[in-house]
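S.K.: Here it is: the structure, laid out below.
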Amino acid sequence: MRALRIISGTLTLDPKAADPVPAPGDVLVRPVVAGISAADRHIAAGRVASGAIMGSEFVGVVDSSSPKLAGARVVASPVITCGVCDLCKGGLPNHCRARRVMGTHARDGCFADRIAVPLLNMLEVPRAIDDESAVFAWPLSCVAHIRNLLPATRKSSFITILGDGVIGLLAAQVLASTNDTVRLLGKHPDKFSLCEKWGVKHRHVDEPGRRQDQDVVIDCTGAPGGLALAMQMARPRATILTLSTPTTAPGASGGSGVDLSPAVVNELTIQGVRGGRLAEGLELLAQRRVDVLSLITARYPLTQARDAIARAASGLKVLLTFA
Ligand SMILES: [Zn+2]
């Protein structure tokens, strides 16, 4: 089968990759459409080392040989958990002490013709949700998690979303539906036109002052400066949610050091955000209150994965197909 991974430092579509061998509890899935994530771009660029088959966002069809769900259209959480550690049993499976993450960390991902996926990680996609929308189930799970982690806010609380990538744009849509003062700060006119289409407030990140007047700041930039900027915008005792884990390549000079003194002086709460619950992402799709299809900028066959990943640097969603 074909599989995309980094081999000797080079992004390679291996035409003769070994077929996955399902472990107990796994089923074989044939990806139909997959999405390129920020993690995929970091791996392709060498900023994150991984020898696994890449890819974490997909919709696929369970292989006909499967004893369960044969032929079903499914999505999956990429976080593989043990189910028995204290954190799994304590209701925090995304923090499982033995977790592996499809496509990024010790587990092969979905940029391949076949993939072994734990049955427990999968959900069947309702018929009303098309394939290209279903690819957003996992990113939307993350957005639902952001919503869950928000502190109690009034409808008038000032919420700023930093970053106009896929997660920032999805979060802006979801949060603006319940709070009139949500605004997105970004850099790209094409993203602003999407905000206008959705009725979401937006400004160029350089326009607003740094007045420390926001009740909640959500850093979706993925950039080293995101947290520092968030701290300049947050009022005393505010909450910052951050999804950014800026990394530098091994041996690269410089780092992502952030001066945390504003967090102490202003008594800020800084909350990291990672992952989510797949069922909540699928529910957001089923409710049809989020426009995901407008975020798709290009579609490429797996054979053109290199071009697809280069295109994905624009910050919107690029899809891979497996025909
Ligand atoms: Zn565990």
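The values are calculated or read from the model by the stated rules, or taken from the named source; none is laboratory data. The structure displayed is predicted, hence computed values, not measured ones. Cβ placement follows ideal geometry from the backbone for every residue including glycine, while neighbour counts extend to all protein chains displayed. Surface areas here come from the heavy atoms of the whole protein model, side chains and all, with no ligands, DNA or RNA. Shrake-Rupley method; radii C 1.70, N 1.55, O 1.52, S 1.80 Å.
S.K.: Suppose we filter Ala98, Ala106 for residues that are touching a Cys at 6+ places or on another chain (Cβ under 6 Å), closer than 16 Å to Ala23 by Cβ and either within 16 Å of the ligand (Cβ to nearest atom) or open to solvent by 30 Å² or more (accessible area, probe 1.4 Å) (or both); which single one remains?
M.R.: The unique qualifying residue is Ala98.
S.K.: Looking at the stretch 50-65, can you tell me whether even one residue there is within 16 Å of the ligand (Cβ to nearest atom) and not hydrophobic (A, V, I, L, M, F, W, C)? Give the derivation first.
M.R.: The first filter runs over the stretch 50-65 and keeps only residues within 16 Å of the ligand (Cβ to nearest atom), leaving none.
No, there is no match, as no residue in the stretch 50-65 is within 16 Å of the ligand (Cβ to nearest atom) and not hydrophobic (A, V, I, L, M, F, W, C).
S.K.: Is it the case, given these coordinates, that Asp113 is away from the ligand (no atom under 16 Å from the Cβ), over 21 Å from the mean Cα position of the chain (by Cα), surrounded by 14 or more Cβ atoms within 10 Å (Cβ to Cβ) and at pLDDT 95 or above?
M.R.: Answer is yes for this residue.
This table checks each residue for (1) of a type in the set (S, T, N, Q); (2) open to solvent by 10 Å² or more (accessible area, probe 1.4 Å).
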residue	(1), (2)
Ile167	no, yes
Gln173	yes, yes
Thr178	yes, yes
Gly186	no, no
Asp190	no, yes
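S.K.: List, please: which pairs have Cβ atoms under 7 Å, are six or more places apart or on different chains, and start with a residue in the stretch 56-85 that is assigned by TED's automatic domain parsing to the domain that holds Arg41 and closer than 14 Å to Val125 by Cα and end with one that is open to solvent by less than 50 Å² (accessible area, probe 1.4 Å) and within 15 Å of the ligand (Cβ to nearest atom)?
M.R.: Hits for this filter: Ala76/Asn121; Ser77/Asn121.
S.K.: Of Gly71, Gly90, which residue is surrounded by fewer than 23 Cβ atoms within 10 Å (Cβ to Cβ) and within 13 Å of the ligand (Cβ to nearest atom)?
M.R.: Working: Gly71 fails: within 13 Å of the ligand (Cβ to nearest atom).
Selected residue: Gly90, the only one of Gly71, Gly90 that is surrounded by fewer than 23 Cβ atoms within 10 Å (Cβ to Cβ) and within 13 Å of the ligand (Cβ to nearest atom).
S.K.: Would you confirm whether any residue within the stretch 151-161 is in a helix (DSSP H, G or I) and open to solvent by 30 Å² or more (accessible area, probe 1.4 Å)?
M.R.: The answer is no; no qualifying residue exists.
S.K.: Among the listed residues Ser66, Ser56, identify the single one that is crowded, with 16+ Cβ neighbours inside 10 Å and farther than 20 Å from Val318 by Cβ.
M.R.: Unique residue meeting the criteria: Ser66.
S.K.: Do we find that Ser77 is within 24 Å of Asp291 (Cα to Cα), under 14 Å from the mean Cα position of the chain (by Cα) and within 16 Å of the ligand (Cβ to nearest atom) in this structure?
M.R.: It is true that Ser77 is within 24 Å of Asp291 (Cα to Cα), under 14 Å from the mean Cα position of the chain (by Cα) and within 16 Å of the ligand (Cβ to nearest atom).
S.K.: Now for a different question. Among the residues of the stretch 102-134, write down those that are part of a strand (DSSP E or B) and free of Cβ contacts under 8 Å to residues at least 60 places away in the same chain.
M.R.: Residues satisfying the conditions are Met102, His105, Ala106, Arg107, Glu124.
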